[in-house]
1. Condition test on LEU59, is it modelled with pLDDT of 95 or more and either more than 17 Å from the chain's Cα centre (by Cα) or part of a strand (DSSP E or B) (or both)?
2. ALA87 fails exactly one of the following numbered conditions: (1) surrounded by 15 or more Cβ atoms within 10 Å (Cβ to Cβ); (2) part of a strand (DSSP E or B). What is the number of that condition?
3. Return yes or no: is LEU148 at pLDDT below 95 and farther than 30 Å from CYS24 by Cβ?
4. Scan the stretch 19-46 residue by residue and report those that are of a type outside the set (A, V, I, L, M), open to solvent by less than 20 Å² (accessible area, probe 1.4 Å) and in a strand (DSSP E or B).
5. Can you pull out the residues in the stretch 1-18 that are open to solvent by 60 Å² or more (accessible area, probe 1.4 Å) and either assigned to a strand (DSSP E or B) or touching a Ser or Thr at 6+ places or on another chain (Cβ under 8 Å) (or both)?
6. VAL166 fails exactly one of the following numbered conditions: (1) open to solvent by less than 90 Å² (accessible area, probe 1.4 Å); (2) assigned to a strand (DSSP E or B). What is the number of that condition?
7. So which of LEU168, LEU172, LEU119 ends up being farther than 30 Å from LEU96 by Cα and modelled with pLDDT under 95?
8. When the residues of the stretch 102-150 are filtered to those that are acidic (Asp, Glu) and more than 23 Å from VAL15 (Cβ to Cβ), which remaining residue is surrounded by the most Cβ atoms within 10 Å (Cβ to Cβ)?
Amino acid sequence: MLNTWAVMPTCLPLVVRRCHTCACDRFRAAGKFRVNAHHKLIDAWLLVLCTACGETAKLTVLERTQVRSVRPELLDRLHDNDLGLTAELLQDPRVLRRNRVALDWRDAWRLDTGGSDHLGREAIDVTVRFAAPIPVRPVRLIAEGCGLSRAEVEGLIRTGNLVSAVRLGGRLSGDFTFTLKR
């Protein structure tokens, strides 16, 4: 029987960026946008706040863009400070690359295994689905989902009792499947 686990975000991740005021390196998304128009050109920024001193920084979303080329629903969401848009933009690799920032997903996600009925079985097949591109070590997910230590999971990989089509020794942010035999 195939089990499906889900890696779900519980809150917005922190933005890794150096604060110019206090030298802290973590910002939280304020969920607010600043939009500025210059005749036919528009700029838009996502505002983030330093976790230590509260200083505001801006992440560029639009820069000197023709107003007519921006979808009206995007403009409405920017003006309404849409929290869903904040989450979408934080997961957009172009926005992260443009602003030279990374995301810190520590304590911002949870694993939903759908119950503990799989714990007593001899063999289980599991598909892990990611609701957002959250980089997590598969060994950690398997250990948490099966009630094992990470050392036990790594031992199962070495003995061939835990197999997957993907490499289980790094970080993954996409769906994968594994089979565990006890």
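The values are calculated or read from the model by the stated rules, or taken from the named source; none is laboratory data. Every value quoted in this text rests on a predicted model; they were computed, and no experiment measured them. In this analysis, Cβ positions are derived from the backbone assuming ideal geometry, glycine residues included, and neighbour counts consider all displayed protein chains. Accessible surface areas use protein heavy atoms only, side chains included; no ligands, DNA or RNA. Shrake-Rupley method; radii C 1.70, N 1.55, O 1.52, S 1.80 Å.
1. Against the criterion (modelled with pLDDT of 95 or more and either more than 17 Å from the chain's Cα centre (by Cα) or part of a strand (DSSP E or B) (or both)), LEU59 qualifies.
2. (2)
3. yes
4. Across the stretch 19-46, the qualifying residues are PHE27, GLY31, ASP43.
5. LEU2, THR4, MET8
6. Among (1) open to solvent by less than 90 Å² (accessible area, probe 1.4 Å); (2) assigned to a strand (DSSP E or B), VAL166 violates only (2).
7. Selected residue: LEU119, the only one of LEU168, LEU172, LEU119 that is farther than 30 Å from LEU96 by Cα and modelled with pLDDT under 95.
8. By that ranking, first place goes to GLU144.
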